[in-house]
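Input: a single structure, listed below in structure tokens.
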Amino acid sequence: MLHRLATSLRRPAVRCLSSGSVDIKVPLNFWAGKRRTSQEKCNKENVYEPATGRVLCPLEPCGAAEVNQAVEAAKSAFGHWSKMSGMERAKIMIEAAHIIERRREEIAEIEVVNNGKSITEARLDVDSARLCIEYYAALATTLAGQHVQLPGGSFAYTRREPLGVCVGIGAWNYPFQIAAWKSAPALACGNSMVFKPSPLTPATAVLLAEIYAMAGAPEGLYNVVQGGQETGSLLCHHPDVAKVSFTGSVPTGKKIMEMASKGVQARELWSWGEDSDVENAVKERSWPTSCLKARSAATGRGCLFIRTFCQSCGGGGEEDAGDPDRRTRCWRAPGWEPWSAGHTWRESCPLLTRQQKEGATVLCGGEPFVPSDPKLEEDTYMTPCVLGNCTDEMTCVKEEIFGPVMCVLSFESEEEVLLRANDTDLGLAAGVFTGIGRENGQVTIEHYSQLKSVYVEMGDVDSLF
């Protein structure tokens, strides 16, 4: 698998699409095996290409009728898919991964237009999506319960069963990748899915739906419905939905938890929160910050360094972000990306001013940038910014900035940094830089299956009657 990833990274690519050259005319909703046009009578909002500000396509939101059709299609597919063996499901998922590998460049190019990220990052996202599907395809063959011996020759056993129709609600920062991350464990466990991408980035989830269909999945196994808050609410309130998995903001996550709880659906919320070989930590955190970007939540804002290291090298991040040669290489890579429809730019400029008033120091960057390409002049870009002298109470540390801003904080001991990292109301994620590492995705299986227990009595049973 790693060899295949390395080969795909080395593969020469011929670019077929470019910014400002794409208009999407085909429907982006998909259920029961084909693309669908929404019949919802409402004002259709435009979807904009981040790099140029052009209208990419109108968004066709799904109403109650379309959501019902998608859920019914998923229910129908679930009946067949859930009865297949893990090996049979794995075979189809592996074929989907192979199709993604063959269409890597095509998907990555659409993702660039869809999301605004660089082609280099888009290719890595496609690779990550493929690897995720391959990983859970392998796990599908291992799903099993336990045998428990009881006294007197009796025994009990457990078995893992799928939940039913699952709903995935994605975010704009990794559109294709999140669609794969949510669908892979769900399908591996025998569930079907209705997926709603972000209304900002609707273009690539439907490609994954077509790929699953091409791989041999039953019609309705993976469906895509477009829309905003109203469509999401219809999905969360739907009586035939067994689970809702959401990636996005904390306020929206709270609303989804409340809606899903009324129907007693399982909830899985990935809401934005904060985040050592020290040299690699600096490189990993400063790599996304040193690109002129905002459409990616990978920007390394929270970076904790031991205080003696901060004093010796000034925090580390500004060395890359502030170096003109490094930034020039980044621009030519290309490694610069537009802001999400301009809204993050308008929010972040006053935020930087406020952080300076709170005591933070701008070590480098933070200025507006106008590309020389006339097609890109209408969108919003900013040079990479590194903030020093940050404290845990500052807004830039507590709230996520979807832009090229990194906050540098210092600590004295491991005990101190653990206490500070855990002092958050949000779900905690972190990166630890050491010489060894391992990721275990098996825990996800627990969230996409239910454990059933059976007691078997082998002897006579006394009756009270």
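The values are calculated or read from the model by the stated rules, or taken from the named source; none is laboratory data. Please read these numbers as outputs of a predicted model, since none were measured by experiment. When we count neighbours, we look across all protein chains shown, and the Cβ atoms used for this are built from the backbone with ideal geometry, even at glycine. For the accessible areas, the whole protein counts, side chains as well, though only heavy atoms, and no ligand, DNA or RNA atoms are used. Shrake-Rupley method; radii C 1.70, N 1.55, O 1.52, S 1.80 Å.
Here are the numbers for the structure shown:
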quantity	calculated
Ala77, sole failed condition from (1) within 21 Å of Cys166 (Cβ to Cβ); (2) open to solvent by 40 Å² or more (accessible area, probe 1.4 Å)	(2)
Residues of segment 218-228 classified as surrounded by fewer than 24 Cβ atoms within 10 Å (Cβ to Cβ) and at pLDDT 95 or above, total	2
Residue list for segment 120-137, restricted to those being β-branched (Val, Ile, Thr) and closer than 9 Å to Phe176 by Cβ	Val126
Selection within segment 140-164 - in a helix (DSSP H, G or I) and open to solvent by 20 Å² or more (accessible area, probe 1.4 Å)	Pro151, Gly152, Gly153
Qualifying residue in segment 89-99 (condition: open to solvent by 50 Å² or more (accessible area, probe 1.4 Å), among the acidic types (Asp, Glu) and modelled with pLDDT under 95)	no
Given (1) in contact with a Lys or Arg (Cβ under 8 Å, 6 or more places away or on another chain); (2) under 23 Å from Glu106 (Cβ atoms); (3) surrounded by fewer than 23 Cβ atoms within 10 Å (Cβ to Cβ), index of the condition Ala171 fails	(1)
Residues located in segment 189-207, provided they are touching a Ser or Thr at 6+ places or on another chain (Cβ under 7 Å) and either among the hydrophobic types (A, V, I, L, M, F, W, C) or within 13 Å of Ile133 (Cβ to Cβ) (or both)	Cys189, Met193, Phe195, Leu200
Matching entry among Val278, Val264 (being on the phi > 0 side of the Ramachandran plot and modelled with pLDDT under 55)	Val264
Candidates Thr395, Thr361, filtered to the one that is over 18 Å from Ala51 (Cβ atoms), at pLDDT 75 or above, surrounded by fewer than 15 Cβ atoms within 10 Å (Cβ to Cβ) and under 28 Å from the mean Cα position of the chain (by Cα)	Thr395
